[in-house]
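See below for the structure under consideration.
The values are calculated or read from the model by the stated rules, or taken from the named source; none is laboratory data. Everything numeric here is computed off the predicted structure, so don't read it as measured data. Every residue, glycine as well, gets a Cβ built from its backbone with ideal geometry; the counts of neighbours run over all protein chains shown. Surface areas here come from the heavy atoms of the whole protein model, side chains and all, with no ligands, DNA or RNA. Shrake-Rupley method; radii C 1.70, N 1.55, O 1.52, S 1.80 Å.
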Amino acid sequence: MEVCPFQVFEVRRIDDADFAQLGVFAKVKSVAHGKKTAYTPRASTCQACGKCVEACPENAIKLARVSV
């Protein structure tokens, strides 16, 4: 979140509906992290600089092209 120059990310408590869809291992990891997760409410501001990909310790971020 801190590395993004475009403020794409927001870290907050995971929504109950999103948590319910996680597998067992992911739920354990989520609880270990205080049930906090990153959401992208401003994804449209992303400029694909890749700083988030480099900084993510979980290797959970991938950049993908989308049609606009």
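Things worth noting here:
- Measuring nothing but protein heavy atoms, the accessible surface of the chain at 1.4 Å probe radius is 56 percent carbon and sulfur.
- Put a dot 7 Å past the Cα of residue 42, heading toward its Cβ, do the same for residue 18, and the two dots end up 1.6 nm apart.
- The residues of the chain have, on average, 81 Å² of accessible surface per residue, using a 1.4 Å probe with all protein chains present.
- Going through (i) 23, 13, 12; (ii) 20, 12, 12; (iii) 33, 12, 10, the figure that equals semi-axes √(5λ) of the Cα gyration tensor in Å as computed for the structure here is (i).
- Put a dot 7 Å past the Cα of residue 67, heading toward its Cβ, do the same for residue 28, and the two dots end up 4.1 nm apart.
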